[in-house]
Amino acid sequence: MKVTIDPAATAAPYEQLRAQIADQARSGRLPVGYRLPTVRGLADDLGLAANTVAKAYRALEADGVVETRGRNGTFVAAAGDAAAREAAAAALAYAERARRLGLDRAAAQAAVEDAIRAAYAAP
């Protein structure tokens, strides 16, 4: 795992760390099941506070990129599972919001189709 923190960057160190690990996991450079370094070990390697690394790991776990297995460590999770869970959560949130707004099923689905069409047409 290769990670660099730029102290001059506008993004906070934990966000730089989170983004780099997420990119490596999603691209496959960090394979599913790869054990990440311990919080303290990575903090020492990068010259960061342990709390900074822990915050990045917590954010990655919340996004489904990694999973913590207690004392066994933190591992890269299956990307497809994480993406599917995140998409399902977003879809449920949208459906509930559309219903509260009074949209019928057809109107809600039409809005989704329009959004998907626009998102996938963008360069």
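The values are calculated or read from the model by the stated rules, or taken from the named source; none is laboratory data. Just so we're clear, the structure is a prediction, and the values are computed from it rather than from any experiment. Note that each Cβ is placed from the backbone with ideal geometry, even for glycine, and that neighbours are counted across all protein chains shown.
Brief remarks follow.
- Of all residues in the stretch 61-73, none that is without any contact (Cβ under 8 Å) to a residue 40 or more places away in the chain and outside the structural domain of Arg18 (by TED's automatic domain parsing) has its Cβ atom under 9 Å from the Cβ atom of a residue that is assigned to a strand (DSSP E or B) and of a type in the set (Asp, Glu), 6 or more apart or on another chain.
- Scanning the stretch 20-44 for residues that are outside any loop (DSSP other than H, G, I, E, B) and closer than 19 Å to Thr68 by Cβ returns Gln20, Ile21, Ala22, Gln24, Ala25, Arg26, Arg35, Val39, Arg40, Gly41, Leu42, Ala43.
- Of all positions in the stretch 31-52, none carries a residue that is touching a residue at least 40 places away in the same chain (Cβ under 8 Å) and in contact with an Asp or Glu (Cβ under 8 Å, 6 or more places away or on another chain).
- A single entry from Gly47, Gly64, Gly33, Gly73 fulfils the requirement of being buried (at least 16 other Cβ atoms within 10 Å of the Cβ) and at positive phi: Gly64.
- Checklist (1) part of a helix (DSSP H, G or I); (2) exposed (fewer than 12 other Cβ atoms within 10 Å of the Cβ); (3) of a type in the set (S, T, N, Q) applied to Thr10, failing item: (1)
- Among the residues listed as Asp104, Asp81, the single one being at pLDDT below 95 and over 17 Å from Lys2 (Cα atoms): Asp81
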